[in-house]
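First comes the structure, then the notes that go with it.
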Amino acid sequence: MSRRERLGLALLHRFDPERAHGLSLLALRLGLVPLPDFASSPRLATTLAGMVLLNPIGLAAGYDKNAQAIAPLSRAGFGFLEVGAATPLPQPGNDRPRLFRLTEDRAAINRFGFNNHGMQAIGSRLAARKPGPVPVPVGLNLGANKTSDNRAADFAAVLAHCGPHVDFATVNVSSPNTEGLRNLQGRALLAGLLQQVMEARLGLARPIPVFLKIAPDLSPGELEDIVEVALAARVSGIIATNTTLSREGLKSANSGQTGGLSGSPLFEKSTRVLARLSQLTHGTLPLIGVGGVASAEDAYQKIRAGASAVQLYTAMVYQGLSLVPAIARGLDALLARDGYANVALAVGTGRSAWL
Ligand SMILES: Cc1cc2nc3c(=O)[nH]c(=O)nc-3n(C[C@H](O)[C@H](O)[C@H](O)COP(=O)(O)O)c2cc1C
């Protein structure tokens, strides 16, 4: 990390976390953040559900909720980006404060509740984006309005509206901050929801990959049900995982806050879910590993547990944007050390250690 980045982070951490988040987005949009060299190599280049990635390190949903910083983020070293969540109607989300740093734990707790500008505004921004100097696929996290009486239809509506302007979409039924949302992970409801979403996908002129994002707090039986339903619906892959409700092993003062916990304490739990998914799908379904990735070693562990690609968010709060190319370069070195000519060859090779 450069001295300038260290000072910038120290300054941001003097603000309330939500304000700091807004300022970091603003700084990116104004071009005040030094963007790193892009890190790609023949070893890091890969494909994910048919999308070509220059490296397998993605931005997780929730940082650029309103698709306002796609251009600078596309030059920040990520191999792919996920923006959103977008809901059909704009909504303010939960009352503030609703984002908390857990610095000692290298973690965060949020209870935003899908605050976003809505699919009209977000769709217009996505439609206006221009191709950058390097191809970085951009996906949209789909959400449902809090007051909606048909949440399944909300996911399909956002996909139908914004789908023409993105490279992939994610059905997010795993946010803990919208009451009842995670019930949509149950067998019958999920099957109905995915049917509607996959129909909306088929209605697109260019059907894009659709991923399902799941919670880390599922029982073994629930996970088996989800895999069965996801395979039957022919989703393009599963993202594991969203934030957790667990508070195990935390030291920080804010650990009692309500919301979803992200960052380092989520790493093991989410990686175990990932490995189990890899086992249940016999490595046939693309998986994206997310939860507590904060180093090249972490990314490599997720890949060896079964992920074709990884995503991160919270580690950037503590380590800045230069973490992204640092992870890519470090991952390249780890793959070379272990004799893998390509990252795809390492996927799932260490799964048994997590089962
Ligand atoms: C402030 C914040 C907002 C988030 N918003 C969303 C969201 O809108 N949709 C979603 O699927 N996940 C959301 N997430 C979850 C992340 O995408 C990711 O799954 C989770 O934070 C674990 O990764 P991390 O430990 O690298 O942060 C959010 C996370 C944070 C910290």
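The values are calculated or read from the model by the stated rules, or taken from the named source; none is laboratory data. Because the structure is a prediction, the values reported are computed rather than measured. Here the Cβ is made from the backbone with ideal geometry for all residues, glycine too, and neighbour counts use every protein chain on show. Heads up: the accessible areas ignore ligands, DNA and RNA and are worked out on the full protein's heavy atoms, side chains in. Shrake-Rupley method; radii C 1.70, N 1.55, O 1.52, S 1.80 Å.
Descriptive notes on the structure:
- All Cα pairs of region 15-80, percent lying beyond 16 Å: 53
- Mean Cβ count within 10 Å, highest first, over the residues of peptides 255-266, 285-296, 156-167: 285-296, 156-167, 255-266
- Fraction of beta bridges assigned by DSSP in the chain that are antiparallel (%, nearest 5): 30
- Environment charge at G50 (Cβ cut-off 15 Å; Lys +1, Arg +1, Asp -1, Glu -1): +2
- Both radii come from the Cα set of region 1-159: Rg as radius of gyration, Rh as Kirkwood radius; their ratio Rg/Rh reads 0.98.
- Across all Cα atoms of region 99-190, the radius of gyration (one decimal) and Dmax (whole number) stand at 15.4, 44 Å.
- On a per residue basis, region 202-243 carries 39 Å² of accessible surface, using protein heavy atoms and a 1.4 Å probe.
- Where only DSSP H runs of four or more residues are counted, the chain gives -11000 deg cm²/dmol as its mean residue ellipticity at 222 nm, each run worth -39500 (n - 2.57).
- Peptides 240-247, 44-51 ordered by average Cβ neighbours within 10 Å, highest first: 240-247, 44-51
- Inter-part distance where region 217-271 and region 41-66 are each reduced to a Cα centre, Å: 20
- Taken as Cα centroids, region 119-134 and region 285-355 sit 28 Å apart, rounded to the nearest whole angstrom.
- When Rg and Dmax are taken over the Cα atoms of region 110-152, they come to 13.7, 42 Å.
- Total formal charge among the other residues, if their Cβ is under 13 angstrom from that of T349, Lys/Arg +1 and Asp/Glu -1: +2
- Rotationally averaged projected area of the chain (alpha carbon convex hull; nm²): 15.9
- Summed residue charge, Cβ within 15 Å of G139's Cβ, Lys/Arg positive, Asp/Glu negative: +3
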